[in-house]
Amino acid sequence: MSKVAALQFATGTDIAENLATCIRMIDAAAAEGARLAVLPEFCNHISWYRDREEAWACAVALPGPFLAAIAERARHHQCYVLINVSLRRQRPQITVTSLLYGPTGDLLGEADKQSLMGHENDFFTPATRAAGLVETELGRIGFIACRDGISFEPSRRLALAGADILCNSLNSFAFDEASLHVRARAAENSLFMVAANKVGPLVPVGELTQVSSLTSIPEALLYGAGESQVVGPDGRPLVVADRGREQVVVADIPDRAQRLELYMGNLARRRPSLYGPLELEAEDVPSGAASCIEVALLNPQGEGATAVHRAEALLSALPDTVRLAVLPACFPVRDAATNWERTVELCRFAEERLSQISARRGLQICMSVIEGEPGEWRHLGLLLDQGRRRLEQAELHRSALGLAPSGHDLHVLDLPWGRVAILAGDDCLYPELARIAAIKGAHCLLVPRNGERVAKVHKSKDMSLLLSARAAENRVCLAACSRSGGGLLATLEREFTLMQPWQERHFDGNINMPLNTMQKGEVTIAFLHPVAAENKMISANTHLLHSRPHQSTRSLLTVAGEPAL
């Protein structure tokens, strides 16, 4: 086992005092036996400046006394230390840079932040290339900083390049960063994550009242959110720090060989040839989507014809206000692979009967079927509308049913209330596809999920976490239904752009946490807000899609990832 630590503390405007705090916290982590200590973002100075001259004056140099002192502590304790600072480059350029120092005090690797957040764009220069992967005796350590963890690409790139530990240095007041994005990055890559966040004011104390007034963010929420943590490969935290106080949290993680066993084969079913659209500029989301629609998740009990008849009854009993119903993948069939001919027959019967209800009630129905010929069976997601197929979407990755992927593209469809895409079966496990749907302008993702028996390989995953992350990081609504439960309806707050006045909500610490209604019983009904997907501006000069970290994208399109940097 190896001990890793996330160091949680406040920094202010006194650089010497901040350095003393960093050293004191590194000493505290080493006293608890940590071999790897991860510090927050902007350790040298809080990220708040009057102008670029002040930002330059507060940035540190490499080499320079601030970082030399950090290197000396790493050497003194013979441990690995990851620190993030604002770093002087060729004047006037300043980068937000994470640096990893080793047990000898040597600088082993560095990585500039790829995607800047809000006012950071006024002072800092983003990375020109993706970096942040170092081979060590503890394993391959990959590291990112804050906003780069809200997008899936940087962590995915590091995982593909062989990282077996992910680290994230944060400077965030958002509660949803710790509870959602940090944990999703660990789960979708099946890797341990060490994430260190700030506490204390993130703006100068004397300016808290003014900044609160300008941003409509309560003063109490302009503080680092804390909740530094070590997360397991299933997305569940091993240890979490409190909000609001300085703390070192330490966890034991398995040695490298054991970690690699957990990780082995996790990304083997990816299909990089599908992911070319990730390089494209995102389309503008079509305007005019519905402000609100009512959606139902249906999980009919029974099997075969019994399940189909039950689905008919449930659909017939839905309120007339429901526009869309989503069913689990291949809902009338359990253990589909034991008899494909029978499965195809039951799916055909189910589609025929549900199409009749779709036509009679004017109801859109999302489901999936198995069809094809012996030896060429395929799993297909469907959207039925007015009694016919309006959208067909083949599952694009190898199915948990054992079927080879049969599709080559992700399709979208414009409906009167918004643009939709279907992620059939296990395709929702791949953040690449949800991103492509968003790039293609989707307002909503429809997810007919596989049942419990056919998805044993993924049973340890926190599916609600992954589904929520897909909705949040792309600003899309999501409706997912599963035979075993675990589905949800995820809608979006209509207002989420920071630094703008909000009319409908007060800032509660969450910037972009989806509003989830968990699937329960046979019928789950909730409202979705497709129009909210049209706004993807998270802060000034920061668009969730246009400002995503393109520096990592190319690596996602190759089979072998890329070499260590």
Test GLY200 against the criterion of being buried (at least 17 other Cβ atoms within 10 Å of the Cβ), in contact with a strand residue (DSSP E or B) (Cβ under 9 Å, 6 or more places away or on another chain), outside the structural domain of GLY509 (by TED's automatic domain parsing) and farther than 30 Å from GLU188 by Cα, and give yes or no. yes
Cβ contacts < 6 Å: first residue more than 18 Å from ILE439 (Cα to Cα) and of a type in the set (Gly, Ala, Ser), restricted to the range 516-544; second residue surrounded by fewer than 22 Cβ atoms within 10 Å (Cβ to Cβ) and modelled with pLDDT of 95 or more, any location; separation 6+ or different chain. Result? ALA526/THR517
Yes or no: the range 194-215 includes at least one residue that is within 17 Å of the chain's Cα centre (by Cα), outside any strand (DSSP E or B) and on the phi > 0 side of the Ramachandran plot. no
Only one of PHE143, PHE124, PHE152 that is in contact with a helix residue (DSSP H, G or I) (Cβ under 7 Å, 6 or more places away or on another chain), among the aromatic types (Phe, Trp, Tyr) and under 25 Å from GLU177 (Cα atoms): PHE152
Of all strands (runs of 3 or more DSSP E) fully inside the range 364-404, the set with 3 or more residues that are buried (at least 21 other Cβ atoms within 10 Å of the Cβ) and of a type outside the set (D, E, K, R) is 364-371, 378-385
Has the range 216-238 got at least one residue that is touching a residue at least 12 places away in the same chain (Cβ under 8 Å), in the same structural domain as LEU138 (by TED's automatic domain parsing) and assigned to a helix (DSSP H, G or I)? yes
For residues in the range 75-98 being under 15 Å from CYS58 (Cβ atoms) and among the polar types (S, T, N, Q), which is surrounded by the most Cβ atoms within 10 Å (Cβ to Cβ)? ASN84
Looking at LEU19, LEU67, LEU82, which one is touching a Phe, Trp or Tyr at 6+ places or on another chain (Cβ under 6 Å) and assigned to a helix (DSSP H, G or I)? LEU19
Could you please give the count of residues in the range 495-523 that are over 30 Å from ARG310 (Cβ atoms) and either buried (at least 17 other Cβ atoms within 10 Å of the Cβ) or not basic (Lys, Arg) (or both)? 18
Test SER115 against the criterion of being closer than 19 Å to ILE70 by Cα and in contact (Cβ under 8 Å) with a residue 24 or more places away in the chain, and give yes or no. no
Kindly indicate which of SER316, SER368, SER358, SER291 is out of contact with any strand residue (DSSP E or B) (no Cβ under 6 Å at 6 or more places or on another chain), touching a residue at least 24 places away in the same chain (Cβ under 8 Å), among the small types (Gly, Ala, Ser) and under 30 Å from ALA438 (Cβ atoms). SER291
Any idea which of (1) closer than 25 Å to GLU312 by Cα; (2) touching a Pro at 6+ places or on another chain (Cβ under 7 Å); (3) not hydroxyl-bearing (Ser, Thr, Tyr) is the one ARG398 doesn't satisfy? (1)
So which of ARG270, ARG245 ends up being surrounded by fewer than 16 Cβ atoms within 10 Å (Cβ to Cβ) and either part of a loop (DSSP other than H, G, I, E, B) or touching a helix residue (DSSP H, G or I) at 6+ places or on another chain (Cβ under 8 Å) (or both)? ARG245
Quickly run through the range 464-517 and pick out the residues that are closer than 17 Å to ALA174 by Cβ and β-branched (Val, Ile, Thr). THR497, ILE511
How many residues does the range 6-16 contain that are part of a loop (DSSP other than H, G, I, E, B) and surrounded by fewer than 20 Cβ atoms within 10 Å (Cβ to Cβ)? 4
Taking the criterion of being under 21 Å from GLY139 (Cα atoms) and of a type in the set (Lys, Arg), would at least one residue in the range 83-94 satisfy it? no
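Restricting attention to the range 66-91, which residues are of a type in the set (A, V, I, L, M) and without any contact (Cβ under 8 Å) to a residue 60 or more places away in the chain?
LEU67, ALA68, ALA69, ILE70, ALA71, ALA74, VAL81, VAL85, LEU87
Please work out if ALA526 is outside any loop (DSSP other than H, G, I, E, B), under 30 Å from ASN450 (Cβ atoms) and touching a Pro at 6+ places or on another chain (Cβ under 6 Å).
The answer is no for ALA526.
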Among (1) touching a Ser or Thr at 6+ places or on another chain (Cβ under 8 Å); (2) charged (D, E, K, R); (3) in a strand (DSSP E or B), the one test that LYS3 misses: (1)
Quick check: is even one residue across the range 136-154 farther than 27 Å from LEU465 by Cβ and either in contact with an Asp or Glu (Cβ under 9 Å, 6 or more places away or on another chain) or in a strand (DSSP E or B) (or both)? yes
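The values are calculated or read from the model by the stated rules, or taken from the named source; none is laboratory data. Note that this is a predicted model, so its numbers are computed, not measured. Note that each Cβ is placed from the backbone with ideal geometry, even for glycine, and that neighbours are counted across all protein chains shown.
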